[in-house]
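**Q** Mind looking over this structure? Questions follow.
The values are calculated or read from the model by the stated rules, or taken from the named source; none is laboratory data. Since this is a predicted model, take the numbers as computed values, not measurements. Cβ sites come from the backbone with ideal geometry, for glycine too, and all protein chains shown count toward neighbours.
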Amino acid sequence: MKLHNAILEYRLRKGNDHFVPIYHYPEIELEQILARRECEFFVKDGITYKQLSSAIEDNLFIIYVEIYEEGPPEPAVLIQDGILLEVRELNAIKSHPLITSEYLTSHLDVLSTIGSVYIYHQQKEWERDSAEIDEDRKAFVLYVTPTGYSIKE
C-alpha cells in the first residue's frame with residue numbers, strides 16, 4: 001500500500017449500494033485525508049453530506065456520503081495563516097453558538113482536537129458530538145455538548 005501521492009474521492013450514494021464519484025482531490029496530504037475522515041459531515045456548495053463509511057484502495061482514499069441537507073452556501077470566513085478550527089455548542093435553536101476558534105498549523109493539530117472525546121475550554125468540559133469539514137466556509141467545525149463538569153483550580 002502506497003501512502004504518498006494520495007488521492008481522496010468522495011462518492012455519493014445513489015440508490016441501494018450504488019455510489020458515484022462527486023469530488024476528487026489528487027495529491028492531497030495524508031494528514032488532511034485523515035482529518036476529513038474523522039468528520040461525520042462534509043459541506044460543499046451549500047450541500048451537507050453525511051459520511052456513511054470510508055475505504056482505501058492502494059493510494060485512493062474514498063469517503064462514502066449521502067445528502068443530509070441542502071441550503072445556500074455560507075460565505076467563507078476571513079482567512080488567516082493556518083487552518084481554521086471552530087468549536088461550537090451543538091444547539092440548533094441557538095444556531096450552534098461559537099465556543100472558541102483558532103487557526104492551527106497542521107491537519108494533525110486539527111485531527112488531535114476533533115478526534116478527542118472531551119475538550120476543555122474556560123474550565124468547562126465539553127463532549128464531542130460530531131465534526132465537519134465546511135469547504136464553503138473554509139473551516140473545520142467540532143460540535144460539542146456541555147457535560148456539566150468544571151475544572152477547579
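**Q** Taking the residues in the stretch 84-96 that are charged (D, E, K, R) and within 16 Å of the chain's Cα centre (by Cα) as candidates, determine which candidate is nearest to Leu8 (Cα to Cα). Write out each step before concluding.
**A** Going residue by residue through the stretch 84-96, those that are charged (D, E, K, R) are 86, 88-89, 94.
Pick out the ones that are also within 16 Å of the chain's Cα centre (by Cα) and you get 86, 88-89.
Numbers: Glu86: 23, Arg88: 27, Glu89: 29 Å.
This residue is Glu86.
**Q** Is it true that some residue in the stretch 104-111 is closer than 14 Å to Tyr10 by Cα and in a strand (DSSP E or B)? Step through it out loud before you land on a result.
**A** To start, the set of residues in the stretch 104-111 that are closer than 14 Å to Tyr10 by Cα comprises none.
No, the stretch 104-111 contains no residue that is closer than 14 Å to Tyr10 by Cα and in a strand (DSSP E or B).
**Q** If you go through the stretch 92-121 one residue at a time, how many are touching a residue at least 12 places away in the same chain (Cβ under 8 Å) and either polar (S, T, N, Q) or out of contact with any strand residue (DSSP E or B) (no Cβ under 9 Å at 6 or more places or on another chain) (or both)? I'd like the intermediate steps shown before the answer.
**A** To start, the set of residues in the stretch 92-121 that are touching a residue at least 12 places away in the same chain (Cβ under 8 Å) comprises 96, 98-111, 113-116, 118-121.
So of that shortlist, the ones also either polar (S, T, N, Q) or out of contact with any strand residue (DSSP E or B) (no Cβ under 9 Å at 6 or more places or on another chain) (or both) come out as 100-101, 105-106, 108, 111, 113, 116.
Selection size over the stretch 92-121: 8.
**Q** Moving on to the next point. If you scan the stretch 55-100, which residues turn out to be of a type outside the set (A, V, I, L, M, F, W, C) and either closer than 15 Å to Glu31 by Cα or surrounded by 14 or more Cβ atoms within 10 Å (Cβ to Cβ) (or both)?
**A** Asn59, Tyr64, Tyr68, Pro73, Gly82, Glu86, Arg88, Glu89, His96
**Q** Here's another thing I want to ask about it. Working only within the stretch 48-83, note down all residues that are over 24 Å from Arg11 (Cβ atoms) and hydrophobic (A, V, I, L, M, F, W, C).
**A** Hits for the stretch 48-83 are Ala76, Val77, Leu78, Ile79, Ile83.
**Q** Mind telling me which of the residues Ile93, Ile133 ends up being outside the structural domain of Ile33 (by TED's automatic domain parsing) and either in contact with a helix residue (DSSP H, G or I) (Cβ under 9 Å, 6 or more places away or on another chain) or assigned to a strand (DSSP E or B) (or both)?
**A** Details: Ile93 fails: either in contact with a helix residue (DSSP H, G or I) (Cβ under 9 Å, 6 or more places away or on another chain) or assigned to a strand (DSSP E or B) (or both).
Every option except Ile133 fails the conditions.
**Q** Test Ile119 against the stated conditions and say whether it is β-branched (Val, Ile, Thr), at pLDDT 95 or above, outside the structural domain of Pro21 (by TED's automatic domain parsing) and within 15 Å of Tyr10 (Cβ to Cβ).
**A** On the way: β-branched (Val, Ile, Thr): yes; at pLDDT 95 or above: yes; outside the structural domain of Pro21 (by TED's automatic domain parsing): yes; within 15 Å of Tyr10 (Cβ to Cβ): no.
Taking the combined requirement at face value, the residue does not satisfy it.
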